[in-house]
1. Please state which of the following conditions residue 153 fails to meet, knowing it meets all the rest: (1) outside the structural domain of residue 30 (by TED's automatic domain parsing); (2) closer than 30 Å to residue 23 by Cβ; (3) out of contact with any strand residue (DSSP E or B) (no Cβ under 9 Å at 6 or more places or on another chain).
2. Restricting to region 279-306, name every residue that is hydroxyl-bearing (Ser, Thr, Tyr), touching a helix residue (DSSP H, G or I) at 6+ places or on another chain (Cβ under 7 Å) and assigned to a helix (DSSP H, G or I).
3. Scanning for something among the aliphatic types (A, V, I, L, M), part of a helix (DSSP H, G or I) and crowded, with 21+ Cβ neighbours inside 10 Å, does region 262-273 turn up at least one residue?
4. Kindly indicate the residue of region 149-181 that is within 16 Å of residue 31 (Cβ to Cβ) and at pLDDT 85 or above and also surrounded by the most Cβ atoms within 10 Å (Cβ to Cβ) among those meeting that condition.
5. So if I check each of 325, 331, 276, which one is under 30 Å from residue 150 (Cβ atoms), in a helix (DSSP H, G or I) and in contact with a helix residue (DSSP H, G or I) (Cβ under 6 Å, 6 or more places away or on another chain)?
6. What number of residues within region 12-49 are in contact with a Cys (Cβ under 9 Å, 6 or more places away or on another chain) and of a type in the set (Ser, Thr, Tyr)?
7. Could you give me the residue pairs with C-beta distances under 9 Å whose first residue belongs to region 294-308 and is assigned by TED's automatic domain parsing to the domain that holds residue 253 and over 10 Å from residue 342 (Cα atoms), whose second residue is polar (S, T, N, Q) and in a helix (DSSP H, G or I) wherever it lies, and which are 6+ apart or on separate chains?
8. Is it fair to say residue 278 is among the charged types (D, E, K, R) and surrounded by 15 or more Cβ atoms within 10 Å (Cβ to Cβ)?
Amino acid sequence: MVALKAAEIDRFVANPSQTVPVVLVYGPDTGLVAERAQIIVKAASKDNDDPFSLVKLDPSDLTSDPQRLIDEVLTVPLFGGKRIIWVRNAGGANLAPALEPVLKLGTADALVVIDAGDLKKTSGIRKLVEKHRTAVAIPCYADATRDLEKLIDEETRLSGLTITREARSALQSLLGADRMASRGEIRKLCLYALGKGRIEADDVEAVVGDASAFALDTLIDAAATGDLATLDHGLDRLDASGIHISVIATSVLRHFQWLHQARAEVDAGKTADFVVDRARPPVYFKRKTMMAQQIHIWSTDRIERALELLDDAAAKSRLMQTLGVAIVSDVLVTIARVARQARRR
């Protein structure tokens with residue numbers, strides 16, 4: 001089965017089909033990957049009280065012993081029910097030898113859930129799952145405006161709060177790179193505003209603005225404008241914050257993808273201010289001048305070269321986690337130096 005379409009994903013995640021033997025959850029939004037995998041596992045095992053029916057495996061368990069997965073699938077639960085095998089943080093591990101016999105078996109007596117990072121179309125496990133008749137692949141990309149709207153509405157409703165239009169716009173501009181991080185920031189904001197009844201723009205700036213804007217937006221702006229001093233400080237703070245380096249790399253990559261489109265619009269005759277004002281999701285008002293400046297600094301050729309570097313760094317940061325911080329930091333410093341030279345010219 002090919003990857004599910006966006007409209008089908010939420011429905012499947014909430015109620016996984018009983019005829020599906022394998023579910024692959026993958027994509028650049030690692031928070032969304034983890035969240036959806038958790039929901040699928042919980043939904044698939046909701047009627048089973050046997051704690052031994054859920055088995056969690058690391059990729060190393062299967063690369064060292066490919067037979068382990070089919071053995072777990074064929075194991076009959078002591079108290080009946082469906083057996084769930086959850087392979088976590090698969091990343092770029094070669095799981096094809098372990099997965100092939102499971103897919104050939106075709107039984108749905110057990111469910112294998114695999115969560116992974118951003119897999120290319122040529123990835124072995126992605127190709128295996130997508131061409132199988134009943135297996136399911138679920139891509140997880142960064143939240144778009146509509147997804148963020150839904151997430152904000154969901155969390156504010158659960159807290160019994162409303163949110164003003166200005167606050168919503170400001171909040172959207174600070175979220176989106178990672179689903180779990182976005183949900184955590186919204187919940188923190190709701191806790192801060194609990195008892196007030198309504199979330200105002202000042203609440204967003206006080207709670208989310210200080211944490212998220214510096215952690216990601218300020219770092220991105222520093223790299224894109226050539227502010228090496230702020231970039232260096234930002235990298236230190238991000239390293240201490242616990243934000244996964246692949247999330248940072250993906251956020252910077254998405255920003256330069258936006259810059260690429262914005263630069264094309266400016267080259268076609270629009271002003272940078274016009275493009276920034278109409279950006280979706282909306283740009284936080286304090287960043288608008290900085291964003292317009294970046295459009296002027298970066299030519300299309302420079303942006304395309306930066307995208308190549310960032311795409312490579314994002315992939316390597318997921319595959320070589322121990323070196324991820326060094327790899328991404330080096331690319332950000334390179335980008336900042338290019339921006340500084342461009343400004344001088």
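1. (3)
2. Answer for region 279-306, where residues must be hydroxyl-bearing (Ser, Thr, Tyr), touching a helix residue (DSSP H, G or I) at 6+ places or on another chain (Cβ under 7 Å) and assigned to a helix (DSSP H, G or I): just 300.
3. Among the residues of region 262-273, at least one is among the aliphatic types (A, V, I, L, M), part of a helix (DSSP H, G or I) and crowded, with 21+ Cβ neighbours inside 10 Å, which makes the answer yes.
4. Taking the candidates together, the pick is 152.
5. 276
6. Of the residues in that region, 2 qualify.
7. Correct list of pairs: 294/225; 303/257; 306/334; 307/257.
8. It is false that residue 278 is among the charged types (D, E, K, R) and surrounded by 15 or more Cβ atoms within 10 Å (Cβ to Cβ).
The values are calculated or read from the model by the stated rules, or taken from the named source; none is laboratory data. All of these numbers come straight from a predicted model, not from anything done at the bench. Positions of Cβ are backbone-derived with ideal geometry, glycine not excepted, and every protein chain shown enters the neighbour counts.
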